[in-house]
1. Of these, ALA120, ALA115, which one is surrounded by fewer than 24 Cβ atoms within 10 Å (Cβ to Cβ), farther than 15 Å from ARG170 by Cβ, in contact (Cβ under 8 Å) with a residue 60 or more places away in the chain and away from the ligand (no atom under 16 Å from the Cβ)?
2. Just to be sure before I move on: is TYR83 at pLDDT 95 or above, touching a Phe, Trp or Tyr at 6+ places or on another chain (Cβ under 9 Å) and among the hydroxyl-bearing types (Ser, Thr, Tyr) in the structure I sent?
3. Working carefully through the options THR375, THR356, find the one that is surrounded by 22 or more Cβ atoms within 10 Å (Cβ to Cβ) and either touching a strand residue (DSSP E or B) at 6+ places or on another chain (Cβ under 9 Å) or of a type in the set (Phe, Trp, Tyr) (or both).
4. Pick out the one residue from GLY298, GLY293 that is assigned by TED's automatic domain parsing to the domain that holds PRO121 and at positive phi.
5. Exactly one of (1) touching a residue at least 60 places away in the same chain (Cβ under 8 Å); (2) away from the ligand (no atom under 16 Å from the Cβ); (3) not basic (Lys, Arg) is unmet by GLY216. Its number?
6. Report, by residue number, each residue of the range 154-180 that is in a loop (DSSP other than H, G, I, E, B) and surrounded by fewer than 14 Cβ atoms within 10 Å (Cβ to Cβ).
7. For the range 129-153, what are the residues that are assigned to a helix (DSSP H, G or I) and either crowded, with 21+ Cβ neighbours inside 10 Å or within 16 Å of the ligand (Cβ to nearest atom) (or both)?
8. May I ask you to list the residues in the range 274-305 that are within 16 Å of the ligand (Cβ to nearest atom) and either closer than 22 Å to PHE414 by Cα or in a loop (DSSP other than H, G, I, E, B) (or both)?
Amino acid sequence: MTPILNRRALMAGAMTTGLAGTLVSASARAASPPPMLTARAEIRPDDTDYWARVAAQFDVTREVAQLENGNWGSMARPVEQAYQRHLHKVNADNSYYARRRLWGDLAPVRARAAALLGVAPEEIAFTRGATEALQTLIAGYNRLQPGDQVLYSDLDYDSTQAAFRWLKQRRGTDLVTIAMPEPATYQSLIDTYAAALDAHPKVRLILLTHVGHRTGLVMPVKEIIALARSRGVDVILDSAHAWGQLDFRLDEIGSDFTGLTCQKWIGAPMGVGIVHIRRERLDAIDPNMSEVGNSDHGTASRVHTGTPNYAGYLALNDALDFHDAIGTPAKEARLRHLRDLWAENLRDHRGLEILTPGDKRLTCALTSFRLQGRTSVEDNKVLAAALLDRFGIFTVHREGLASGACVRVTPAIFTAEADVKHLVSALRIMAEANL
Ligand SMILES: Cc1ncc(COP(=O)(O)O)c(C=O)c1O
């Protein structure tokens, strides 16, 4: 693999010149060093020229205003091209490569991802996504006794909620569910967990979602994890939407058990995730049934994925090159800027409910809304369909929220401000019609 620092500089050059260069053409330019990307701190979220150059690195549909980037993230062109090269090599060299060199090539990729997350390499292992990572943690967690309680909220991810319900069958636990306050404040979210733990002293395990997929609410995870720990309660953290979108480190927020995905905001190919278990807590997760007897005493012994998409795992390094060339703080600020451009602009419109608060600590790219009083699933399906049919804006309806259904809007780093302004005009028209 090309050394990371060289690659980073090359990527920076491609970005700065705005050229949609392949890594091959970027290598050619390396003979005379490319101009470096603006230092991270200097990238302004509203620097139209800079973000247009970033956008030029993506091949995304122009058929619609693509404002549903929460499902997964498109790879930047250099990442997609690198992925294709990895795919070709894995396909051509087959087992000859996999049995001799693959794991040696993947070791630095894992170490790099771990460093970005603020943990040791052996504390993380690759999975096929956050789902597999979270299932590994939930199924393997061995500290529950019959009669203990586990807790999740209305904002947590559907299949992960289901996995918590499944714990009743597996471990004989009872379930406590809570709803997040609306509108939420930073403190009210912490208080909601404190009150739930006061009311339910048998709770031993909490599912906590870092960035909710229903409304985009960013949770005060550090405080909630500390609160839980002070009462002897463990937390499984779902950071699927957080990694690559928010500037955080797992060691700083104090997470012991974390599920992450690389295919949303890190920009890796689909089918690449990470499970994290803090070294000191490894015993709380059983070895995977297919890893019993494995001499690896790290997180890798807790998950077994068979033969996954190796080319995708290899391309994580290329995705991290692209990600690092911009940097998480700049990405986070840009995404919040795009989000504020519509959500805060329309905050006071009496025909709309913006479901995520204005507090910057509680928001980033994703935010949901509904037309005033329109809480049914059908209403919100119709609303998303109308945005597409009448205005060419692609969003998605979401349900499962205690307060009702909604429509989610998710810009990406390649989203043009013009698309967001188009959404604002469309929502004004639809909200007026609803009054
Ligand atoms: C909050 C949340 N958790 C978990 C997942 C599952 O992630 P993956 O698709 O990587 O398995 C998603 C996917 O959308 C999500 O939004």
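1. Details: ALA115 fails: in contact (Cβ under 8 Å) with a residue 60 or more places away in the chain.
Result: ALA120 is the single residue among ALA120, ALA115 that is surrounded by fewer than 24 Cβ atoms within 10 Å (Cβ to Cβ), farther than 15 Å from ARG170 by Cβ, in contact (Cβ under 8 Å) with a residue 60 or more places away in the chain and away from the ligand (no atom under 16 Å from the Cβ).
2. Numbers: at pLDDT 95 or above: yes; touching a Phe, Trp or Tyr at 6+ places or on another chain (Cβ under 9 Å): no; among the hydroxyl-bearing types (Ser, Thr, Tyr): yes.
The answer is no for TYR83.
3. Working: THR375 fails: surrounded by 22 or more Cβ atoms within 10 Å (Cβ to Cβ).
THR356 is the lone residue from the list that is surrounded by 22 or more Cβ atoms within 10 Å (Cβ to Cβ) and either touching a strand residue (DSSP E or B) at 6+ places or on another chain (Cβ under 9 Å) or of a type in the set (Phe, Trp, Tyr) (or both).
4. Working: GLY298 fails: at positive phi.
Among GLY298, GLY293, only GLY293 is assigned by TED's automatic domain parsing to the domain that holds PRO121 and at positive phi.
5. (2)
6. First, the residues of the range 154-180 that are in a loop (DSSP other than H, G, I, E, B): 154-157, 172-173, 179-180.
Those that are in a loop (DSSP other than H, G, I, E, B) and surrounded by fewer than 14 Cβ atoms within 10 Å (Cβ to Cβ): GLY172, ALA179.
7. So in the range 129-153, the residues assigned to a helix (DSSP H, G or I) come out as 130-140.
Within the range 129-153, ALA130, THR131, GLU132, ALA133, LEU134, GLN135, THR136, LEU137, ILE138, ALA139 qualify.
8. Here is the first cut: in the range 274-305, the ones within 16 Å of the ligand (Cβ to nearest atom) are 274-276, 303, 305.
Of everything in the range 274-305, those that are within 16 Å of the ligand (Cβ to nearest atom) and either closer than 22 Å to PHE414 by Cα or in a loop (DSSP other than H, G, I, E, B) (or both) turn out to be VAL303, THR305.
The values are calculated or read from the model by the stated rules, or taken from the named source; none is laboratory data. Because the structure is a prediction, the values reported are computed rather than measured. Every residue, glycine as well, gets a Cβ built from its backbone with ideal geometry; the counts of neighbours run over all protein chains shown.
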